[in-house]
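These notes are about the structure you will find just below.
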Amino acid sequence: MHLNRITIHQERFPVRDNYPFNLDIFNRTKAIEFITPVTCFAGENGTGKSTLLEAITRKCGIHIWGEIDRARVDKNPYREGLYRSIDAEWTDGEVPGSFFASQTFRNYTRILDEWATADPGMLDYYGGKSLVSQSHGQSLMAYFRNRYRIRGIYFLDEPETALSPRSQVELMGVISDMSALGHAQFIIATHSPILLACPDATIYSFDTAPVAQVEYEETDHYRLYRDFLENRNRFLSGERIE
């Protein structure tokens, strides 16, 4: 692993009543250790897994491609400040890497296409073909297959959003193969029971405070998909499944 551990310092929180500093999970989680090349963050929407993923990314000095900053009625000035309250422990110092989120990937592909007009060789790092000219799913897989061959640490925020189940299996294979080579580390926030099944991955549940390590079969995502496939008619009838 390149990144061994992150520590959350609650005493550095600038406020306690604004998101994300008001989340119980950040107030009760002291540290998270990365003990395998693949780590997954699992949990319901709003539990803080994507927020922490972004904060760790920023702490690691990796740029997050974002959308144009637009005016908002109620803008939270603390939304992106969690990284200032985090310390990161490395094995042999910082390494390069990237952050992926489906909602901002299109912005990245368009900028890359503009750069490639001046330097076509840049596309060699992405399979030699413009990502814009491919379908969204195809461009994603081209990016994953080529980018993750490079030594570094990679953060993925719900990559399954634009991927079919078959492509999710393919992505799991890419992640497994690249991590097995020993040069790539992955930290993934996901709802996908397919990606959570990545061999030898460590899974942290954000459905409890503090964050807790769980087995694959203990995740709510696995249990829900299993119960739905085994009891589909009960779900469709509206019967509550515990």
Mind ranking R226, R84 by accessible surface for me, highest first, 1.4 Å probe?
R84, R226
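As an exercise, use a Förster radius of 22 Å and the Cβ-Cβ distance of T161 and F235 to find the FRET efficiency, rounded to the nearest 0.05.
Rounded to the nearest 0.05, the efficiency is 0.50.
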Compare T91, T47 by solvent-accessible area with a 1.4 Å probe and give them largest first, with all protein chains kept in place.
T91, T47
Just to confirm, what accessible area per residue do you get for the stretch 179-242 at 1.4 Å probe, in whole Å²?
58
Accessible surface of the stretch 143-217, 1.4 Å probe, proportion on carbon and sulfur as whole %
51
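The values are calculated or read from the model by the stated rules, or taken from the named source; none is laboratory data. What you see is a predicted model; the values in this text were computed from it and never measured. Here Cβ is always computed from backbone atoms with ideal geometry, including for glycine, and neighbour counts include all displayed protein chains. Each accessible area value is taken on the protein alone, full model and side chains, heavy atoms only, with ligands, DNA and RNA left out. Shrake-Rupley method; radii C 1.70, N 1.55, O 1.52, S 1.80 Å.
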